[in-house]
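The values are calculated or read from the model by the stated rules, or taken from the named source; none is laboratory data. Since the structure is predicted, the reported quantities are computational estimates derived from the model, not experimental observations. Cβ sites come from the backbone with ideal geometry, for glycine too, and all protein chains shown count toward neighbours. Accessible surface is based on the protein model in full, side chains and every heavy atom, while ligands, DNA and RNA are left aside. Shrake-Rupley method; radii C 1.70, N 1.55, O 1.52, S 1.80 Å.
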Amino acid sequence: MKLSANDYNYEEINVGDTFEFSKVLTTQDIDKYADLTGDHNPLHCDEEYALSTEFKNRVVHGMLAGSLFSTLVGMVCPGKKNLYLTQSLKFKSPVYPDSELTVRGKILKKIDSLKVIVITTEILVRGETVIEGEAKVKLI
């Protein structure tokens, strides 16, 4: 998946606007993330161990899945002209390899004096929210 960066101006973004994209995270993505970060927890990286847990499968690192909010902000809305200020995350359910993730953001509020947008963020698998949060982004 290679998205082209959108280029929204502050005035073009409205409260209530929704933006989304889909992505599948594979076991190869998990392994690359583990190598990049050094987080080789066996729940994520050791299939035999993961099968012995209550999850019965490897689990995608929460921060790997959550990092897709950076793609949402940096590529989808607002795109090129932003500075990511904050992102909260709440992990509600595990994410398994090869699940199709829908990454969605909805404009909650605009702070005109600062050119900041507040976005409710969520990742869904088969319509169920597995990760949710809120982002604050300054348009530059």
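Is it the case that some residue within the stretch 119-140 is hydrophobic (A, V, I, L, M, F, W, C) and modelled with pLDDT under 95?
Restricting attention to the stretch 119-140, the residues satisfying the condition of being hydrophobic (A, V, I, L, M, F, W, C) are 119, 123-125, 130-131, 135, 137, 139-140.
If we keep only those that are modelled with pLDDT under 95 too, we end up with 140.
Yes; the residues of the stretch 119-140 include at least one that is hydrophobic (A, V, I, L, M, F, W, C) and modelled with pLDDT under 95.
Of all residues in the stretch 23-46, which are surrounded by 14 or more Cβ atoms within 10 Å (Cβ to Cβ) and either small (Gly, Ala, Ser) or within 18 Å of VAL116 (Cβ to Cβ) (or both)?
ALA34
Scan (1) of a type in the set (A, V, I, L, M); (2) part of a strand (DSSP E or B); (3) open to solvent by less than 20 Å² (accessible area, probe 1.4 Å) for the single condition LEU83 breaks and write down its number.
That leaves (3) as the condition not met.
Only one of these conditions is not met by VAL95: (1) part of a strand (DSSP E or B); (2) in contact (Cβ under 8 Å) with a residue 40 or more places away in the chain; (3) not acidic (Asp, Glu). Which number is it?
With respect to (1) part of a strand (DSSP E or B); (2) in contact (Cβ under 8 Å) with a residue 40 or more places away in the chain; (3) not acidic (Asp, Glu), VAL95 is out only on (1).
From the residues in the stretch 47-68 that are in a helix (DSSP H, G or I) and in contact with a Leu (Cβ under 9 Å, 6 or more places away or on another chain), which one is surrounded by the most Cβ atoms within 10 Å (Cβ to Cβ)?
Of the residues in the stretch 47-68, the ones in a helix (DSSP H, G or I) are 47-51, 62-66, 68.
Within this subset, residues satisfying the condition of being in contact with a Leu (Cβ under 9 Å, 6 or more places away or on another chain) are 49-50, 62-66, 68.
Values: TYR49: 13, ALA50: 19, GLY62: 16, MET63: 12, LEU64: 19, ALA65: 25, GLY66: 21, LEU68: 19.
So the residue we want is ALA65.
At pLDDT below 95, surrounded by 14 or more Cβ atoms within 10 Å (Cβ to Cβ) and touching a helix residue (DSSP H, G or I) at 6+ places or on another chain (Cβ under 8 Å) - does that describe any residue in the stretch 6-22?
Yes, there is a match, as at least one residue in the stretch 6-22 is at pLDDT below 95, surrounded by 14 or more Cβ atoms within 10 Å (Cβ to Cβ) and touching a helix residue (DSSP H, G or I) at 6+ places or on another chain (Cβ under 8 Å).
Restricting attention to the stretch 103-118, does a residue exist that is part of a loop (DSSP other than H, G, I, E, B) and on the phi > 0 side of the Ramachandran plot?
Taking every residue of the stretch 103-118 in turn, at least one turns out to be part of a loop (DSSP other than H, G, I, E, B) and on the phi > 0 side of the Ramachandran plot.
Give the stretch 103-127 a look and list any residue that's surrounded by fewer than 17 Cβ atoms within 10 Å (Cβ to Cβ) and farther than 22 Å from LYS138 by Cα, or say none.
ARG126, GLY127
Here are some residues: THR71, THR129. Which one is of a type in the set (S, T, N, Q), closer than 25 Å to THR27 by Cα and not in a strand (DSSP E or B)? Walk me through how you get there before you give the answer.
Values: THR129 fails: not in a strand (DSSP E or B).
Criteria check complete, one pass: THR71.
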